[in-house]
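**Student:** Could you have a look at this structure, given as structure tokens, before my questions?
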Amino acid sequence: MSPKTELIWFDGALVPWDEARVHVMTHTLHYGVGVFEGIRAYKQAGGGSAVFRLKEHVRRLFESAKIVEIAMPFTQERIVEAILETLKANKLEEGYIRPITFIGTGMSFGVSPGKNPIHNAICVWPWGAYLGEEALELGIRIKTSSFARHHVNVMMTKAKVCGNYVNSVLAKTEALADGYDEAMLLDTDGFVSEGSGENIFMVKDGAIKTPPLTSVLSGITRDAIITLARDLGIPLREERFTRDELYTADEAFFSGTAAEITPIREIDRRVIGQGRAGEVTKLLQKEFFRMVKGENPAYASWLHGYTV
Ligand code: PPE
């Protein structure tokens with residue numbers, strides 16, 4: 001589905017989609033220092049819609065900005081409000097939300113952003129399964145990338161910075177060109193880190209493992225899965241593991257706002273488990289969808305309701 005709705009929130013006002021433009025001298029376009037978020041809204045079982053973990057996503061946007069020294073011209077509360085405003089203005093009951101903060105042009109040029117203005121935009125559009133409906137059901141085939149994930153002293157991985165995604169784009173393009181669905185990146189020490197836009201989990205003998213946050217994005221879906229596993233009584237450890245450990249896992253899956261919970265059925269030509277979504281993955285996936293659709297009251301506080 002092509003990403004297009006009617007209105008985009010741009011620096012405090014709603015403007016028609018085609019008019020939300022920037023100048024080619026935009027600092028972020030040249031140097032990549034901008035920050036963004038990916039958030040999803042779901043139709044709720046009891047009627048209406050809700051944004052999943054809206055405040056946490058907006059907080060991460062502001063933390064990303066802090067890390068790269070962008071001074072936000074709005075408060076977190078204002079961005080939360082603006083997101084709800086944009087969803088309602090577009091009558092979007094369910095879909096994806098992309099807030100982006102970037103450095104503009106006008107004051108100076110060169111690497112130093114100086115006092116260039118900071119812009120904020122919020123786009124929303126309908127977005128179905130990130131890697132396809134079939135992927136959610138059957139699982140995907142992934143490949144260890146020839147690109148390593150950023151070293152924490154090169155690009156700070158806690159921040160969701162535009163420029164960090166050069167690494168993701170290269171890895172994803174390579175994986176697709178080689179006939180795989182997604183890339184899996186190792187960190188600079190050679191341990192499994194994450195996908196181009198997803199955190200990764202493995203299951204072995206009924207226990208779950210996911211890499212610690214050292215060199216990966218602190219995924220909000222990852223955090224929801226950790227909570228879910230704890231509530232379901234499934235043992236889970238945040239621990240480094242290697243690609244050969246992943247090859248011999250019983251199950252593996254990716255998590256992310258866009259990817260939700262996507263099972264992995266093959267890694268570097270090695271079939272994982274039975275070559276389809278495993279039992280633990282299926283259970284977590286089922287419970288995750290119940291959580292985001294408002295079917296489990298235990299997680300109601302993670303749902304920010306709205307009606308269009
Ligand atoms: N790691 C990376 C590198 C990443 O980009 C994401 C989100 C995650 C982990 C998972 O984080 P979270 O969404 O908080 O659970 N990737 C976003 C962008 C995807 C895109 O193609 O663009 C997303 O899922 O919205």
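**Student:** I'd like to check something: does the range 155-168 contain any residue that is more than 20 Å from residue 68 (Cβ to Cβ) and either modelled with pLDDT under 95 or not hydroxyl-bearing (Ser, Thr, Tyr) (or both)?
**Tutor:** no
**Student:** Tally time: how many residues in the range 282-300 are closer than 14 Å to residue 201 by Cβ and away from the ligand (no atom under 16 Å from the Cβ)?
**Tutor:** 2
**Student:** Quickly run through the range 252-269 and pick out the residues that are part of a strand (DSSP E or B), within 12 Å of the ligand (Cβ to nearest atom) and either under 12 Å from residue 200 (Cβ atoms) or touching a Pro at 6+ places or on another chain (Cβ under 8 Å) (or both).
**Tutor:** 254, 255, 256, 261, 262
**Student:** Tell me which of these residue 214 doesn't satisfy, since it passes every other one: (1) surrounded by fewer than 21 Cβ atoms within 10 Å (Cβ to Cβ); (2) at pLDDT 95 or above; (3) within 14 Å of the ligand (Cβ to nearest atom).
**Tutor:** Of everything listed in (1) surrounded by fewer than 21 Cβ atoms within 10 Å (Cβ to Cβ); (2) at pLDDT 95 or above; (3) within 14 Å of the ligand (Cβ to nearest atom), residue 214 misses just condition (2).
**Student:** Go through the residues of the range 170-187 one by one and say whether even a single one is modelled with pLDDT of 95 or more and touching a Pro at 6+ places or on another chain (Cβ under 7 Å).
**Tutor:** no
**Student:** Taking the stated definitions as given, is residue 223 at pLDDT 95 or above, acidic (Asp, Glu) and not in a loop (DSSP other than H, G, I, E, B)?
**Tutor:** Judged against the criteria, residue 223 is a match.
**Student:** Would you check if residue 95 is under 18 Å from the mean Cα position of the chain (by Cα), surrounded by 15 or more Cβ atoms within 10 Å (Cβ to Cβ) and at pLDDT 95 or above?
**Tutor:** It is true that residue 95 is under 18 Å from the mean Cα position of the chain (by Cα), surrounded by 15 or more Cβ atoms within 10 Å (Cβ to Cβ) and at pLDDT 95 or above.
**Student:** Moving on. What pairs can you find where one residue is in the range 42-65 and modelled with pLDDT under 95, the other is open to solvent by 50 Å² or more (accessible area, probe 1.4 Å), and their Cβ atoms are less than 9 Å apart, with a gap of 6+ or different chains?
**Tutor:** Within 9 Å, the pairs are 46/295.
The rows are residues; the columns are (1) at pLDDT 95 or above; (2) open to solvent by less than 30 Å² (accessible area, probe 1.4 Å); (3) over 15 Å from residue 135 (Cβ atoms).
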{"position": "239", "(1), (2), (3)": "yes, no, yes"}
{"position": "242", "(1), (2), (3)": "yes, no, yes"}
{"position": "246", "(1), (2), (3)": "yes, yes, yes"}
{"position": "252", "(1), (2), (3)": "yes, yes, no"}
{"position": "261", "(1), (2), (3)": "yes, yes, no"}
{"position": "265", "(1), (2), (3)": "yes, no, no"}
{"position": "270", "(1), (2), (3)": "yes, no, yes"}
{"position": "279", "(1), (2), (3)": "yes, no, yes"}
{"position": "282", "(1), (2), (3)": "yes, no, no"}
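**Student:** Determine, yes or no, whether residue 233 is of a type outside the set (Phe, Trp, Tyr), free of Cβ contacts under 8 Å to residues at least 60 places away in the same chain and exposed (fewer than 15 other Cβ atoms within 10 Å of the Cβ).
**Tutor:** Yes: the conditions hold for residue 233.
**Student:** Then there is this: I'm trying to understand the selection: among the residues of the range 175-202, which are open to solvent by 40 Å² or more (accessible area, probe 1.4 Å) and in a helix (DSSP H, G or I)?
**Tutor:** Hits for the range 175-202 are 176, 177.
**Student:** Something else: What number goes with the only condition from (1) touching a Leu at 6+ places or on another chain (Cβ under 9 Å); (2) more than 22 Å from residue 55 (Cα to Cα); (3) not hydroxyl-bearing (Ser, Thr, Tyr) that residue 249 does not pass?
**Tutor:** In the conditions (1) touching a Leu at 6+ places or on another chain (Cβ under 9 Å); (2) more than 22 Å from residue 55 (Cα to Cα); (3) not hydroxyl-bearing (Ser, Thr, Tyr), residue 249 misses (1) alone.
**Student:** Would you point out which residue out of 100, 79, 39 is touching a His at 6+ places or on another chain (Cβ under 7 Å) and among the β-branched types (Val, Ile, Thr)?
**Tutor:** None of the other options fit; the residue is 39.
**Student:** While we're on this one: Name the single residue that is nearest to the ligand (Cβ to nearest atom) among those in the range 217-246 being within 18 Å of the chain's Cα centre (by Cα) and among the polar types (S, T, N, Q).
**Tutor:** Only one residue tops the list, namely 221.
**Student:** Among the listed residues 101, 75, identify the single one that is modelled with pLDDT of 95 or more, under 19 Å from residue 37 (Cα atoms) and away from the ligand (no atom under 16 Å from the Cβ).
**Tutor:** 75
**Student:** Quick one: in the range 114-169, of everything that is under 18 Å from the mean Cα position of the chain (by Cα), open to solvent by 50 Å² or more (accessible area, probe 1.4 Å) and of a type in the set (D, E, K, R), which residue is farthest from the ligand (Cβ to nearest atom)?
**Tutor:** 133
**Student:** Within the range 1-36, work out how many residues are among the aliphatic types (A, V, I, L, M), touching a His at 6+ places or on another chain (Cβ under 8 Å) and buried (at least 17 other Cβ atoms within 10 Å of the Cβ).
**Tutor:** 1
The values are calculated or read from the model by the stated rules, or taken from the named source; none is laboratory data. From a predicted model like this one, the values you see are computed outputs, not experimental measurements. Because the Cβ atoms are built from the backbone with ideal geometry, glycine has one as well, and the counts that use them run over all protein chains shown. For accessibility, only protein heavy atoms count, side chains too; no ligands or nucleic acids. Shrake-Rupley method; radii C 1.70, N 1.55, O 1.52, S 1.80 Å.
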